[in-house]
Every structure is written in C-alpha cells, then in structure tokens.
Amino acid sequence: MAMAPKKKNFLDHFESYTYDTLTVGNHLFDAVYNPSSPFEVRGNLIDTVFNSYYTQEGAEDLRVYNVSGTEKGLLAYQKIKLDLGYYLLIIRAGGEYWNSRKYACLYNSGSKKITDAQLLSEDVREKTIFTCTSLLKKENNTWSIYTKELFYEPLAGVLHKDSMQVREVDILVNIESNEEHFFFVEKARHQVIK
C-alpha cells in the first residue's frame, strides 16, 4: 500500500529570498508562465488546506482568485524572514479578470494568519488602463515598498490615445513593528495628472 505524500507546511510553498532589493512587475504573460512550458504557471500553488490563513481582515483580497486551466488557487513566490515570528510573503491572487495581482503579505507564524496585504503589481487593460509595479528595498534594517500606479482614463467617454488622462501615483509604504506585531504604514503619496 502506497503512503500518501506528506503535506507541506505553509511556508514550504515559498522560496527564501535573502537579497535586499526585489522588483515586482506587472503581470504580462511572459512573467507569469514558464517560457519552456507555456501552460505551466510560475510560482507554487498553495494547497487549499491553508485557506483559513487568509481569514484576517487585512487578507480579504487573497480570498478571491479565478479557477481556470492550471490555476486552481493562490500562488506562492518569495518569503523574507522579518522578526517576532513574522514573514514578508509575495503571493499572486485574483484580479479584475484573471489572477493578475501580486501582494506583499505579512504572515504571523505563531497565529498562522496573514495579518495584512499590500498590492504590489497589477495590469488591467480595458476602457480604463491600470498598471502597478513595486520595488521592495531593505534600508537600515527596515523594508520599504515603492509603488508606482498608472491610470489611463478616457476623457468624455472616448477611447483614443489623444483623449486619455494619465494619472501617476507614487506611494511609499514602510513595514514597521511594535513589540508584538508587524504592519504596513503608508509614509508618502504623490499624485500627478497629465
């Protein structure tokens, strides 16, 4: 009689990341699928037995994903050990039309919960275009997230290159802690309309 394979721990789905800079781009297909196997999605599928880890209020966006083809749930990417039993995780979840969003997530290994999530990247192109990319950087033992959001919105309901309003939003978020918890804190937001 064959034994069932041992289930992975939640953190085993993620690859350890030890550098001090990480770029998370928008989800064009070449960044999502393996080039040598076009139907194989990059990242590790997180087993659905861990769905209860996303029940905290800060993780509601992770509960939405589109089941289609080989994509059956959330995908795990990197993990960065912080302190106090916390990890910074990079997870791909649902989006407007397909699983197109990547999040930075704060995971408490003691409570086995994702306590907060911050959007890192997205790419939606329809009447209104929205793209989002981020740079995570460790400076003076603190992780900062530099995010650029671009909104291309039609003026007067007309969809044409010359009739688009472009709105750029630069956001700076730091990962901070008190004696017991880690959390995301927005430090700056700058918007330019062209």
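Read-outs throughout are calculated quantities, based only on the coordinates presented, and are distinct from any laboratory measurement. Computed from a predicted structure; not experimentally measured. FYI the Cβ positions are ideal-geometry reconstructions off the backbone, even for glycines, and counts take in every protein chain you see.
Here is how the numbers come out for the structure above:
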{"quantity": "Packing-based ranking, highest mean first, of 79-86, 14-21 given that Cβ atoms within 10 Å are counted", "calculated": "79-86, 14-21"}
{"quantity": "Around L89: net Lys/Arg minus Asp/Glu count, Cβ-Cβ under 13 Å", "calculated": "+3"}
{"quantity": "Sorted peptide list for 105-117, 135-147, 177-189, criterion being average Cβ within 10 angstrom, highest first", "calculated": "105-117, 135-147, 177-189"}
{"quantity": "Within-12-Å neighbourhood charge of K194 [Cβ basis; K, R +1; D, E -1]", "calculated": "-1"}
